[in-house]
Amino acid sequence: MKIYDTALAAKIAARNEVNRIANESFADAAKALEPFVGQKVCKVNGTLLEKVKKALPPTISANGSGPHSWYSTGHGYSIVLNIKTCTSAKTKGDYQNAHYAEAGLYLADISDGFLAKIRSEVPSWKTDYTEEYVIEARQEAEKADKAKRDAESKIHYFGMYD
């Protein structure tokens, strides 16, 4: 696994990687669920039936760039595959920090334990974050936050609502 020089670089790499995996995995995962449309896919406790779990990819390899976990839930009203990845960054001495990123891939809608429909919205998550982009976005957020605080200080006697 690559060890990044900074925490920000590791966070960005993890986010780009997990988003890439989510984008690339949707079609295969959705296709694996197609035979189950209209069928019961969840146990009474909300967990997915074994036949559904076996149809979904148990693991994802990321072209040798490191291990990724892939787990599914059938709780509530949808089937969501949660993809998680981890990167490392150097710290002082021989230590490293782990940086995780996770993406929830909404695949299908469930109604009373039955697979109602497979979602048609294919994800298109950003996979090209850069340090420059994040630094600029942080500065923009800080500037907006300061403007909000300044505006709120002007109305502190009156509050926002009547």
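The values are calculated or read from the model by the stated rules, or taken from the named source; none is laboratory data. Nothing here was measured: the structure is a model prediction, and the numbers come from that model. Don't worry about glycine lacking a Cβ; one is built from the backbone with ideal geometry, like all the others, and counts go over all protein chains shown.
Taking the listed residues D128, D112, the one that is modelled with pLDDT of 85 or more and within 17 Å of the chain's Cα centre (by Cα) is D128, with no other qualifying. Apart from one condition, L33 fits all of (1) modelled with pLDDT of 85 or more; (2) at positive phi; the exception is (2).
Whenever a residue of region 8-20 is under 10 Å from E131 (Cβ atoms), its partners that are in a helix (DSSP H, G or I), lying with C-beta atoms within less than 9 angstrom and at least six residues away or across chains, give the pairs L8/E131; L8/V134; L8/I135; A9/E131; K11/V134; I12/E131; I12/Y133; I12/V134.
Taken over region 106-154, the residue count meeting the criterion of being exposed (fewer than 11 other Cβ atoms within 10 Å of the Cβ), under 30 Å from T47 (Cβ atoms) and touching a residue at least 24 places away in the same chain (Cβ under 8 Å) is 3.
Is one or more of the residues making up region 5-12 at pLDDT 85 or above, within 24 Å of S120 (Cβ to Cβ) and of a type in the set (D, E)? If you could, list the steps in order and put the result at the bottom.
Filtering region 5-12 for residues at pLDDT 85 or above gives 5-12.
From what is left, the residues that are within 24 Å of S120 (Cβ to Cβ) are none.
Checked against the condition, which is being at pLDDT 85 or above, within 24 Å of S120 (Cβ to Cβ) and of a type in the set (D, E), region 5-12 yields no hits at all.
Once region 7-38 is narrowed to residues that are loosely packed, with under 13 Cβ neighbours inside 10 Å and not charged (D, E, K, R), the residue that is farthest from the chain's Cα centre (by Cα) is G38. For the residues S72, S61, S153, S88, the requirement of being among the polar types (S, T, N, Q) and modelled with pLDDT of 95 or more singles out S153. Checked against (1) within 21 Å of the chain's Cα centre (by Cα); (2) modelled with pLDDT of 90 or more, N97 passes all but a single condition, namely (2).
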